Amino acid sequence: MSFMVIFTVQAQHNDHGVKGRKHRQGPDRLIGVFINPLSPLEPQQGAVGAGINVMLAHRWDISLELNYLFEGFVQDMDDYSSHGYRGIFSVKRFSKSRIFFYGIDTRLKYFSFTDKQNFASAATPDTLFNFRYNGSNTLFGIAAITGLRLPISKNKKWAFELQTGIGNKYRDVSRKNIPSGYYYFNSEKSIDLNVLEFQKTSGGFNFYFPSAIRIMYFF
């Protein structure tokens, strides 16, 4: 976060420039495409995909990004495996220079998974330990975002975008092939606040931080 603040302050200084100097302007082309080169390296779930950006007005942009999700390297270390899809829709309002922006990030994500967990019987004291089952996660999230977009070529067709934010997401977990009368109970969450445990519990108030680095090309 401190890096983001320092980088933003420095970019703002460059944007204003000195008196009598021409201000730097961000890309102002109608349509662009982009990728997040670091998303395949995300530890929890890697992602590959691309997006499209459309300028509605000088200070307003919208963008849509679609990703295929696969196991991150953290998931490779345990019995949890998953794959699915994610869509991200953003609305951004820019500064007059079209470098700084703030806006809203909304996303919908669905993925199926296989896992081993403990299941207790509601009628008897029996417990199934490390029972392998299939399930799915459906999430909807909304966040406030801020960031900057800097041209990296003289014709401004290429740009670099840095984004950060904070939001909340609602999660719905569905489990399949569980024996009748048994229910999932989280025996680890009170001991180890592993991020994987929060993927196994339905409900809202799950904070997330929609940070991204994007390489963009404008037509």
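Quick note: the coordinates plus some simple rules give every number you see, no bench work behind them. From a predicted model like this one, the values you see are computed outputs, not experimental measurements. Reconstructed Cβ throughout: ideal geometry from the backbone, glycine too, with neighbour counts over all protein chains shown.
One table, with the values for the structure above:
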| item | result |
| --- | --- |
| D (Stokes-Einstein, µm²/s), Kirkwood Cα radius, segment 28-112, 0.890 mPa s at 25 °C | 173 |
| Label-to-label distance, nm, for residues given as ILE166 and THR146 (7 Å Cα→Cβ offset) | 1.1 |
| Proxy reagent accessibility, fewest Cβ within 10 Å first, across ASP105, ASP28 | ASP28, ASP105 |
